[in-house]
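All of the numbers you see were taken from the coordinates with simple rules; none came from a lab. Treat the numbers as computed from the prediction; the structure is a model and nothing was measured.
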């Protein structure tokens, strides 16, 4: 089924469900169409943007007598950085697991992976890596985006088994010594 056809079915199903809810009836749901969404919280980029705004203030010293620039434009720039930090903080990153696809939001827009486009899914302490056949890997980190890695790992394992995708569970990250890196031994 094409994606546009699926969207049309979903749209019609939402309308029917609204009407059934008004009538006091139970909503219609397709079997297995449940979409699980795991949300994180981005704090790394907002902190970086706030530090850049503070750096501008400290370096420019708008309170000194030697400041010869337009104060309005300066403060507008600082407020813009603060607002951008707020947008990044409120715009939560997520991983959505549907019956037949994984979806997330990146800087370039919404990205969707079907099972045929996934080479392997790797779970290790604090990280989940979805290795793709084409393009860059998707990395979900507890440190960077505060994702619930254990719950995501359980659900992705079920997804991998259902779609016959290779699953790898790593307990610890192997640290290579400098000698091993350079000699390859």
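Descriptive notes on the structure:
- Helix axis angle, 149-162 relative to the chain longest principal axis, alpha carbon, degrees: 40
- Three-way shape label, segment 95-170, alpha-carbon gyration tensor, a/c 1.5: rounded
- Between 0 and 90°, nearest 10: helix 44-60 axis offset from the chain longest Cα axis: 10
- Percentage, to the nearest whole number, of Cα pairs in the chain over 21 Å apart: 67
- The calculated pair-distance distribution of segment 44-90 uses every alpha carbon pair, bins of 5 angstrom beginning at 0, and gives 5, 24, 27, 21, 12, 8, 3, 0 percent.
- Ellipticity estimate at 222 nm from DSSP helix runs (n ≥ 4, -39,500 (n - 2.57)) divided over the chain, nearest 500: -14000 deg cm²/dmol
- Axis of helix 3-22 versus longest Cα principal axis of the chain: the two differ by about 80°, to the nearest ten degrees.
- Inter-centroid distance (Cα atoms) of segment 51-98 relative to segment 119-146, Å: 30
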